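Asker: Here it is, the structure, as structure tokens.
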Amino acid sequence: MNWLTDRKIPVGDGAAALFDWLQTAGAGLFDAISIGLEEVIDAILSLFLDPPGTAWLTGVEGATLWPEELHPLIVIAVFTAITWALQRNWKVCLLTALGFLFIVNQGYWEETAESLTLVLSACLVCMGLGVPIGIWAAHRPRVYDWLRPVLDLMQTLPTFVYLIPAIVLFGIGMVPGLIATVIFVLPAPIRLTHLGISSTPQPLLEAADSFGATPMQKLWKVELPSAFPQIMTGLNQTIMLSLSMVVIAALVGADGLGVPVVRALNQVNTSLGFESGLVIVVVAIVLDRMLRVER
């Protein structure tokens, strides 16, 4: 078999050369993307750790309407109100409040806020890209045929593989963790949006055509309402998959609940590992119940 191995296709060398070229030629672009994403991440994180107070009302930096120790309770109240608006179920609201209070009790509120920031940032990017791409692919089946192997590659390629170029192009911190999360998660909203739009009942489309609806009217009045459960399922999956990446993101310097998990692994600390792991499970359960759509 030497005749075959001696003629090895330079896949790794080609990829290394490509990313070296990107790092050199696109340094300004990647720096701008990194700065923009850091601004978004910092803005979202400040909402969790320092809710708007009198600084917004008086212009005095650092001024607050409530003591710092009450900030988690304010955020928990907001999450509970959002849960009520979405679910109209007091049991789910109680679960949300008790889940976050448990996290505060365990002393992981700051780490949870950092992980929620990563999850929310990933959701904004993935849903902002995934839903339009899914709609486009549903209206053009040939496009989806070309997209399918790319989506398969994004979901099956080990996440550690594209953490390396993310570090090369964006450095260490939250941004490469966010980029790796987006690459891993993006196929979910694309696939589910495509499924929802493609599954729109034909009689509804024929009725819209008979009333002279334009393609845009059919999209907004017929296809999107029909696909709403699948799109919300895509949002739910985006959140769950993003949350599953917090530990891996911690390996490239991203803050959050992955940091104590990695620390526990390095120290073989059973107590720390179980605490932080249980907190991640609680966050996942709360977010899942908040956004669950009953069919």
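The values are calculated or read from the model by the stated rules, or taken from the named source; none is laboratory data. Quick caveat, the model's predicted, so the values are computed rather than measured. So basically every Cβ, Gly included, is an ideal-geometry build from the backbone, and we count neighbours across all protein chains shown. With ligands, DNA and RNA removed, areas are computed over all heavy atoms of the protein, side chains included. Shrake-Rupley method; radii C 1.70, N 1.55, O 1.52, S 1.80 Å.
Asker: Packing-wise, with mean Cβ within 10 Å as the measure, how do 172-183, 40-51, 202-213, 153-164 rank, highest first?
Answerer: The peptides rank, most packed first, as 172-183, 40-51, 153-164, 202-213.
Asker: Shifting gears a bit: Taking only protein heavy atoms into account and a 1.4 Å probe, give the accessible area per residue of the stretch 176-265 in Å².
Answerer: 42
Asker: Let me check I've understood the local charge: for Leu151, count other residues with C-beta under 12 angstrom from its C-beta, Lys and Arg +1, Asp and Glu -1. What total comes out?
Answerer: Within the 12 Å Cβ shell, the charges total 0.
Asker: Now, a different point. Rounded, prolate or oblate: pick one for the stretch 64-220, where a ≥ b ≥ c are the square roots of the eigenvalues of its C-alpha gyration tensor, a/c under 1.5 means rounded, and failing that, prolate if a/b is larger than b/c, else oblate.
Answerer: oblate
Asker: Now for a separate question. To the nearest 10 square angstrom, how much accessible area does Trp136 have with a 1.4 angstrom probe?
Answerer: Surface open to solvent at Trp136 totals about 130 Å².
Asker: Hey, what number do you get for the chain at 222 nm if only DSSP H runs of n ≥ 4 count, each worth -39500 (n - 2.57), divided across all residues, to the nearest 500?
Answerer: It comes out at -25500 deg cm²/dmol, rounded to the nearest 500.
Asker: Cβ under 15 Å from Ser276's Cβ, Ser276 left aside: what net charge do those residues give with Lys, Arg +1 and Asp, Glu -1?
Answerer: -4
Asker: Let me ask something additional. Rounded, prolate or oblate: pick one for the chain, where a ≥ b ≥ c are the square roots of the eigenvalues of its C-alpha gyration tensor, a/c under 1.5 means rounded, and failing that, prolate if a/b is larger than b/c, else oblate.
Answerer: Note, shape of the chain comes out oblate.
Asker: So, with a 1.4 angstrom probe, what is the percent of accessible area on the stretch 75-182 that is carbon and sulfur?
Answerer: The nonpolar share, carbon plus sulfur, comes to 71 percent.
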